[in-house]
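The next block holds one structure in the form of structure tokens; read it before the comments.
The values are calculated or read from the model by the stated rules, or taken from the named source; none is laboratory data. Worth saying up front: this structure is predicted, and the values here are computed from it rather than measured. Here the Cβ positions follow ideal geometry from the backbone for every residue, glycine too, while neighbour counts run over all protein chains shown.
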Amino acid sequence: MSSPPDRIVAAAGGAVWRHAPDGGTEVAVVHRPRYDDWSLPKGKLDAGEHALAAAVREVVEETGLEVDAGRRSVQTCYAVPEGTKRVDYWLMQAVGGDFEPNDEVDELRWLPISVAGELCSHQQDRDVLTDLARTDVPRTPTLLLVRHGRAGNRSDWDGPDDLRPLDQRGRAQAQRLAEALPVFGPTAVLSARRTRCEQTVAPLAEGLGIPVAALPELGEEEFSADPQAGMVAIERLLTPRTDPGVVVVCSQGGAIPSVLMALGVRAEGDRLYPPSAKGSVWVLGGRAGALSADYYRNFDPDPEAPALR
């Protein structure tokens with residue numbers, strides 16, 4: 001019996017790049033002996049997996065390279081016997097590791113982007129390489145802007161609001177962020193001076209072995225009182241880095257949309273402001289007018305991933 005044509009087979013992968021000795025960019029292209037083709041590393045999602053986690057896992061498994069996830073790239077779809085294969089791609093900077101042949105990939109070549117496109121066997125891979133070659137927005141982010149997790153209702157808290165802690169769901173969101181965000185290569189963790197903000201990024205900082213530093217300018221009331229000081233801090237954190245990695249900042253719902261609009265991020269549909277759900281993350285790089293801005297509502301399992309048993 002054939003599979004229904006509307007069935008989605010979810011997969012994810014990466015366009016892994018590095019700086020070439022001549023100052024250009026090289027991208028990793030892999031040969032798969034099973035299909036005798038040249039492609040970008042990718043693979044199907046595991047049960048309960050988010051596409052970004054799957055993309056990094058597949059790249060590491062197939063190439064042996066260590067990578068930092070960057071800007072979200074294109075999504076490709078094409079017919080397979082099981083239905084429609086959907087592949088979500090991210091740009092990834094190689095930061096270490098060495099290739100060794102394995103069961104899935106027997107050869108890896110580092111090539112200029114244009115040469116890699118000529119070698120690739122499938123148009124969908126060339127579409128990803130076209131996105132990698134863009135120069136209008138950066139490939140690598142420098143700032144992860146996190147809204148704190150859920151902290152219950154203000155009316156149910158007897159103490160000062162600045163000290164209101166995360167509730168059970170908020171603590172679960174914080175743990176999920178601690179599991180998901182290391183793929184971006186965080187090098188510093190900052191927070192507004194609110195207990196719920198500090199608690200949201202504390203598990204991440206603990207896992208990384210670094211402290212949570214204060215960034216008072218990004219508190220809701222502080223930003224409202226002096227938005228210029230807040231934007232100076234944001235602009236500083238968006239400054240391009242010579243080394244890979246990002247800074248994580250946890251802030252509040254009264255500040256994050258204003259920051260985004262000042263950077264040129266516009267609301268969609270009938271929204272007044274860009275979204276900023278509790279526990280969500282904006283992955284930012286560049287400057288207003290040349291900004292890379294990817295929104296992650298959460299890092300829950302992809303709806304099309306196999307179900308956990």
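Restricting attention to segment 245-261, which residues are part of a strand (DSSP E or B) and either modelled with pLDDT under 95 or surrounded by fewer than 24 Cβ atoms within 10 Å (Cβ to Cβ) (or both)? Spell out how you get there, then give the answer.
In the first step, residues of segment 245-261 are kept if they are part of a strand (DSSP E or B); the result is 246-251.
Matches in segment 245-261: 247 only.
Of the residues examined, residue 97 is one that is over 20 Å from residue 12 (Cα atoms), outside the structural domain of residue 185 (by TED's automatic domain parsing), of a type outside the set (A, V, I, L, M) and surrounded by fewer than 19 Cβ atoms within 10 Å (Cβ to Cβ).
Evaluate segment 75-83: report whether one residue or more is under 13 Å from residue 15 (Cβ atoms) and either assigned to a loop (DSSP other than H, G, I, E, B) or without any contact (Cβ under 8 Å) to a residue 12 or more places away in the chain (or both). No; the residues of segment 75-83 include none that is under 13 Å from residue 15 (Cβ atoms) and either assigned to a loop (DSSP other than H, G, I, E, B) or without any contact (Cβ under 8 Å) to a residue 12 or more places away in the chain (or both). Candidates 178, 172, 213, 188: the one that is assigned to a helix (DSSP H, G or I), closer than 28 Å to residue 93 by Cα and assigned by TED's automatic domain parsing to the domain that holds residue 278 is 178.
Within segment 155-169, being hydrophobic (A, V, I, L, M, F, W, C) and not in a loop (DSSP other than H, G, I, E, B) holds for one residue alone: 163. Residues of segment 239-258 that are touching a residue at least 24 places away in the same chain (Cβ under 8 Å) and in contact with a Leu (Cβ under 9 Å, 6 or more places away or on another chain): 246, 247, 248, 249, 250, 251, 252, 255, 256. Each residue in segment 204-220 was checked for being closer than 24 Å to residue 52 by Cα and surrounded by fewer than 17 Cβ atoms within 10 Å (Cβ to Cβ), and 4 pass. Does residue 267 count as among the hydrophobic types (A, V, I, L, M, F, W, C) and over 22 Å from residue 138 (Cα atoms)? Judged against the criteria, residue 267 is not a match.
Name the residue, out of 251, 224, 292, 258, that is within 18 Å of residue 90 (Cβ to Cβ), polar (S, T, N, Q) and not assigned by TED's automatic domain parsing to the domain that holds residue 12.
Values: 251 fails: within 18 Å of residue 90 (Cβ to Cβ); 224 fails: within 18 Å of residue 90 (Cβ to Cβ); 258 fails: within 18 Å of residue 90 (Cβ to Cβ).
Only one candidate qualifies: 292.
Mind listing whichever residues of segment 111-133 are assigned to a loop (DSSP other than H, G, I, E, B) and under 18 Å from the mean Cα position of the chain (by Cα)? Answer for segment 111-133, where residues must be assigned to a loop (DSSP other than H, G, I, E, B) and under 18 Å from the mean Cα position of the chain (by Cα): there is none.
Can you tell me how many residues in segment 266-309 are part of a loop (DSSP other than H, G, I, E, B), hydrophobic (A, V, I, L, M, F, W, C), modelled with pLDDT of 95 or more and crowded, with 19+ Cβ neighbours inside 10 Å?
First pass over segment 266-309, keeping only residues part of a loop (DSSP other than H, G, I, E, B): 266-280, 288-289, 297-309.
The next check asks that each one be hydrophobic (A, V, I, L, M, F, W, C); those that pass are 267, 272, 277, 288, 299, 305, 307-308.
Remaining after also requiring modelled with pLDDT of 95 or more: 277, 299.
Now drop any that are not crowded, with 19+ Cβ neighbours inside 10 Å, which leaves 299.
Number of matching residues: 1.
Based on this model, can you work out whether residue 167 counts as among the acidic types (Asp, Glu), assigned by TED's automatic domain parsing to the domain that holds residue 91 and surrounded by 15 or more Cβ atoms within 10 Å (Cβ to Cβ)? Spelling it out, it is not the case that residue 167 is among the acidic types (Asp, Glu), assigned by TED's automatic domain parsing to the domain that holds residue 91 and surrounded by 15 or more Cβ atoms within 10 Å (Cβ to Cβ). Residue 143 satisfies every condition listed in (1) in contact (Cβ under 8 Å) with a residue 60 or more places away in the chain; (2) touching an Asp or Glu at 6+ places or on another chain (Cβ under 6 Å) except (2). So in segment 259-295, with the set limited to residues that are without any contact (Cβ under 8 Å) to a residue 40 or more places away in the chain and of a type in the set (Phe, Trp, Tyr), which one is nearest to residue 44 (Cα to Cα)? The residue in question is 295. Would you point out which residue out of 304, 235 is farther than 26 Å from residue 53 by Cα and outside the structural domain of residue 51 (by TED's automatic domain parsing)? Only one candidate passes the filter, namely 235.
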